[in-house]
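Okay, structure first, notes after.
The values are calculated or read from the model by the stated rules, or taken from the named source; none is laboratory data. A quick note: this is a predicted structure, and the numbers were derived from the prediction, not measured. A quick note on method: Cβ atoms are made from the backbone with ideal geometry, for glycine too, and the neighbour counts reach across all protein chains shown.
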Amino acid sequence: MDNQLQSISKIFTERLYRIPDYQRGYAWTEKQLKDFWNDIMQLEDDKNHYVGVLTLEKVPKETCSKWTDDDWIIVSKSFEPYYVVDGQQRLTTTIILIQAITEIIPSDEKLNYSTIDEIRKRYIFDSKDGGISRSYIFGYEKDNPSYEFLKTRIFLENSSSGYLKEETIYTHNLLYAKEYFKERLQELSKEAVELVFRKITQSLLFNIYSITSDIDVFIAFETMNNRGKPLSNLELLKNRLIYLSTKFEADENERNQLRKRINDSWKAVYHFLGRNKERPLKDDFFLMNHYMIYFGEEVDVAEDFSPMKARRINNFYRDNYEVFLLEKKFNLKNLYESSDSEDGKLTIKDVNNYIESLQKSVEIWFNIYNPTLSNDYEDDEKALLEKLFRIGLNHFAPLLLSCYLKKPNKNLRLKLLTTLERFGFVVHIYSHRYVIPLWDLNLFALRVTNGTLSVAELEKQLAERTNLIVNDKDFISDVTKKFSNEGFYEWSGIRYFLFEYDLSLKGSSKTKKIKIDWRSFNSEQEDFVTVEHIYPQTARENCWKKDFNKYPLKQRKILNNSLGNLLPLSKPKNSSLQNKCFHLKVDNDKNQIGYRFGSYSENAISKLESWTPKDILNRGLILLDFMEKRWSIPLGTKEQKIKILNLDFLEVQ
């Protein structure tokens, strides 16, 4: 390898740079952008700043000869094409910043004695005889969805290839970086922007390494990319599969076709993982769960359904999936000899089947987590999937993926979702930790995948197990013990329960408006509350003392955290409002933040004249009646429910 320090202006001299298909996309987010910007701003004018390593591989002539858009600049202007093996995040960031600078400076002005067109020609694209032909100095290979996105959304060029506006997590990051830099630059004077441009083109120094032909670029990529922001296992796996596609003893056309299919599959995977910009899905969590169900048929799960085995299997898949995929299954050794699983040598068909499953699964995965954005489900199914998301979808997702891959009919899907939601809620209220643990669901997922359990039988078994729990002779006493020890405020299911109760009140309302946004309701924001203690935790006002101080401190704390005293707020509110008297909580003259303007539950409370221990008890009984009916959970007589509420010390009329 040759190495030397070079500035951006030297690096971008008679060279083209392409991000190869085995590379991940642009992964930098706000933290890395902020560090990069601060490094530039803090750099003294007469100093240089070492940015890092830029590892390059010269593109073979047989490859770049097929680049029809770039042939003229390679042949006629002797530009040398290079693949960026390592350092693409820093290099991409630098080019995006240069592009942002060209957009905030008027086109008729100069920047450091260069016109905007001259800067763009140097760093962004060159054109043949000033015509419509474009050769982009820096970019992605054409098969990458980031190629057209970079050209159209970042460089603001037109597309001539029928661009379908594909977006991924990586394309979101590209656009965010550009918007971030434009905001920073617009705060600066023209002179300050010129200084930034001079720093990034003259003072940022890269250590340039050129990989020679005797070094395997795929292995170099995996090794070098341990620096900076770590590669995800999904990103490493793509590189590994492309590497293997070049090593199969097969027809060249077959190898090329496999490489194209790998790229197409990863394009689809990252499209769906990043499709919801507000809530992108984690790539390695998807990979782990797909791995579990795809390779799960190798595990014997037909018998011995013990909690210890369930937990062991669950931990095995969580902790070992990357080892299996990268070290045991998809490695060079298995191309030439049988793998440990004795399935024979790894073949092109094996890889193709795996990536086809990934591509098919990721769309289902997206729909499960984003049902409201899906066109595949009707409203009743979307509503049930949203409930599972609120109660804890990560527990159910692998099971749902395995079931949906079996393509059950809609009625069976609705029945399964309803049963799963009830099962999940019962797990939240039951005190015996090991009777029906959530990790049992992964064993069910394996059995559905390997065909030893049908979706219909799965639903039946889950329903039977849930009924066994709630009808057990000790169920009510166990629930009573759980809440007498823990209270309701710290209960893991309190937000979901209160949210569902508020939805039930919406059903009898004239407005039918959803007043609580689940994501803000379920968030933890400092100095803000979403679950209100009506009788406050710090009740210093006389308005509270007259009704509550006749009870000792221990009982006041029980009243404070009792179910009937907890209220879902329609929006996060400052914690300082919690200690107000009841009439001020109901209707605050200064602004519309009182119960009268809040959730349906708040509206119901606002109709009362006061709030007393008796009101806490009565509302607690109403909520338990709702729980009993909504989830078909027998909670006993009124006296037993009062014990569950831990309020049997009150004088009940």
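Somewhere in region 614-637, is a residue among the β-branched types (Val, Ile, Thr) and closer than 24 Å to CYS581 by Cβ? Looking for residues that are among the β-branched types (Val, Ile, Thr) and closer than 24 Å to CYS581 by Cβ, one finds at least one in region 614-637, hence yes.
Determine which member of the set LYS482, LYS473, LYS557 is within 21 Å of LYS580 (Cβ to Cβ), of a type in the set (Lys, Arg) and either over 28 Å from the mean Cα position of the chain (by Cα) or at pLDDT 90 or above (or both). Outline the logic, then answer.
Details: LYS482 fails: within 21 Å of LYS580 (Cβ to Cβ); LYS473 fails: within 21 Å of LYS580 (Cβ to Cβ).
On inspection, the qualifying residue turns out to be LYS557.
Any residue in region 236-255 that is in a helix (DSSP H, G or I), at pLDDT 90 or above and either in the same structural domain as PHE389 (by TED's automatic domain parsing) or surrounded by fewer than 16 Cβ atoms within 10 Å (Cβ to Cβ) (or both)? Within region 236-255, one or more residues are in a helix (DSSP H, G or I), at pLDDT 90 or above and either in the same structural domain as PHE389 (by TED's automatic domain parsing) or surrounded by fewer than 16 Cβ atoms within 10 Å (Cβ to Cβ) (or both).
Of the helices (runs of 4 or more DSSP H) entirely within region 471-573, those holding at least 2 residues that are within 19 Å of TRP631 (Cβ to Cβ) occupy 475-486, 494-507. So is ARG24 touching a helix residue (DSSP H, G or I) at 6+ places or on another chain (Cβ under 7 Å), under 29 Å from GLU167 (Cα atoms) and basic (Lys, Arg) or not? Judged against the criteria, ARG24 is a match.
Within region 479-497, the only residue that satisfies the criterion of being among the polar types (S, T, N, Q) and crowded, with 18+ Cβ neighbours inside 10 Å is THR480.
If the condition is being within 22 Å of GLU532 (Cα to Cα) and part of a loop (DSSP other than H, G, I, E, B), then region 611-649 contributes TRP611, THR612, LEU645, ASN646, LEU647. Among the residues of region 467-475, are any of a type in the set (D, E, K, R), crowded, with 21+ Cβ neighbours inside 10 Å and out of contact with any strand residue (DSSP E or B) (no Cβ under 8 Å at 6 or more places or on another chain)? For region 467-475, residues of a type in the set (D, E, K, R), crowded, with 21+ Cβ neighbours inside 10 Å and out of contact with any strand residue (DSSP E or B) (no Cβ under 8 Å at 6 or more places or on another chain): absent.
Entry remark, region 405-418: residues being buried (at least 20 other Cβ atoms within 10 Å of the Cβ) and either closer than 20 Å to PRO634 by Cβ or not aliphatic (A, V, I, L, M) (or both) number 1 in total.
Applying the set (1) under 28 Å from PHE626 (Cβ atoms); (2) within 31 Å of the chain's Cα centre (by Cα); (3) surrounded by fewer than 21 Cβ atoms within 10 Å (Cβ to Cβ) to SER454 leaves exactly one unmet item: (1). For region 418-468, a residue qualifies if it is at pLDDT below 85, part of a loop (DSSP other than H, G, I, E, B) and touching a Phe, Trp or Tyr at 6+ places or on another chain (Cβ under 8 Å), and the qualifying residues are TYR430, ILE436. Given the criteria aromatic (Phe, Trp, Tyr) and either in contact with a Lys or Arg (Cβ under 6 Å, 6 or more places away or on another chain) or at pLDDT below 90 (or both), does TRP67 qualify? So TRP67 fits the description; yes.
For the structure I just gave you, tell me whether GLY487 is at positive phi, among the small types (Gly, Ala, Ser) and in the same structural domain as TRP631 (by TED's automatic domain parsing). Spelling it out, GLY487 is indeed at positive phi, among the small types (Gly, Ala, Ser) and in the same structural domain as TRP631 (by TED's automatic domain parsing). Here region 106-136 is the region considered, the condition is being in a loop (DSSP other than H, G, I, E, B) and in contact with a helix residue (DSSP H, G or I) (Cβ under 6 Å, 6 or more places away or on another chain), and the residue that is nearest to ASP35 (Cα to Cα) is ASN112. Among all positions in region 522-533, there is at least one residue which is without any contact (Cβ under 8 Å) to a residue 60 or more places away in the chain, under 23 Å from ASP648 (Cβ atoms), surrounded by fewer than 20 Cβ atoms within 10 Å (Cβ to Cβ) and of a type outside the set (A, V, I, L, M, F, W, C). Taken as a whole, the structure leaves LEU393 outside the set of residues that are out of contact with any helix residue (DSSP H, G or I) (no Cβ under 6 Å at 6 or more places or on another chain), in the same structural domain as GLU459 (by TED's automatic domain parsing), surrounded by fewer than 21 Cβ atoms within 10 Å (Cβ to Cβ) and in contact (Cβ under 8 Å) with a residue 60 or more places away in the chain.
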